[in-house]
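To start, the structure under review is shown below, and the notes come after it.
The values are calculated or read from the model by the stated rules, or taken from the named source; none is laboratory data. Treat the numbers as computed from the prediction; the structure is a model and nothing was measured. Reconstructed Cβ throughout: ideal geometry from the backbone, glycine too, with neighbour counts over all protein chains shown.
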Amino acid sequence: MKIVKVLLLSMIAVGLIFSFAFAAGNVEKGKALFSDPKFAGGTSGKSCSSCHPDGKGLEKAADKKEFAIMGKKQESLGEAVNFCIENALKGKAINPKSDQMKDMIAYIKSLKEKAPAEMPRKKGN
């Protein structure tokens, strides 16, 4: 009976781990969307990477709670993504709970890991 309990708890734990991994989004799919000028029905001919090549300028986005883009305030990373889709890409906002949004956010959060380390200052500067 003890073995059955351990096995059952192990299966539950593995299931939770996998469900969290899938809920977090797919970085590679997010990167592909980030580079797609047709993403979200965009009509500008631009992609996210047109303004942010290789994610430049988004390295700290994962840590932010608020965003200010073009003088407008967004309360979350998802809102900021949709603001850019609608205004820069001339597309239609995507569902904040969609797999596409999860993938985009996963990619943007992955940029934090790629941020260059701050250069140490020389003495006397």
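Kindly indicate whether any position in segment 23-32 is modelled with pLDDT under 90 and surrounded by 13 or more Cβ atoms within 10 Å (Cβ to Cβ). Looking through segment 23-32, at least one residue is modelled with pLDDT under 90 and surrounded by 13 or more Cβ atoms within 10 Å (Cβ to Cβ). Across segment 41-64, the qualifying residues are those that are touching a Ser or Thr at 6+ places or on another chain (Cβ under 8 Å) and more than 18 Å from K102 (Cβ to Cβ), and the one among them that is surrounded by the fewest Cβ atoms within 10 Å (Cβ to Cβ) is S49.
Contact annotation: residue pairs with Cβ atoms under 6 Å, 6 or more positions apart or on different chains, pairing a residue in segment 28-43 that is among the aromatic types (F, W, Y) with a partner that is surrounded by 13 or more Cβ atoms within 10 Å (Cβ to Cβ), are F34/C48; F34/S49; F34/Y107; F39/L33. Of the residues K90, K38, K122, the single one that is at pLDDT 90 or above and exposed (fewer than 13 other Cβ atoms within 10 Å of the Cβ) is K38. Checked against (1) buried (at least 19 other Cβ atoms within 10 Å of the Cβ); (2) on the phi < 0 side of the Ramachandran plot; (3) under 13 Å from the mean Cα position of the chain (by Cα), S76 passes all but a single condition, namely (1).
Condition check ((1) assigned to a helix (DSSP H, G or I); (2) in contact with a His (Cβ under 6 Å, 6 or more places away or on another chain); (3) farther than 23 Å from E28 by Cβ; (4) modelled with pLDDT of 95 or more) across all residues:
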residue	(1), (2), (3), (4)
G45	no, no, yes, no
G57	no, no, no, no
A62	yes, no, no, no
K65	no, no, yes, no
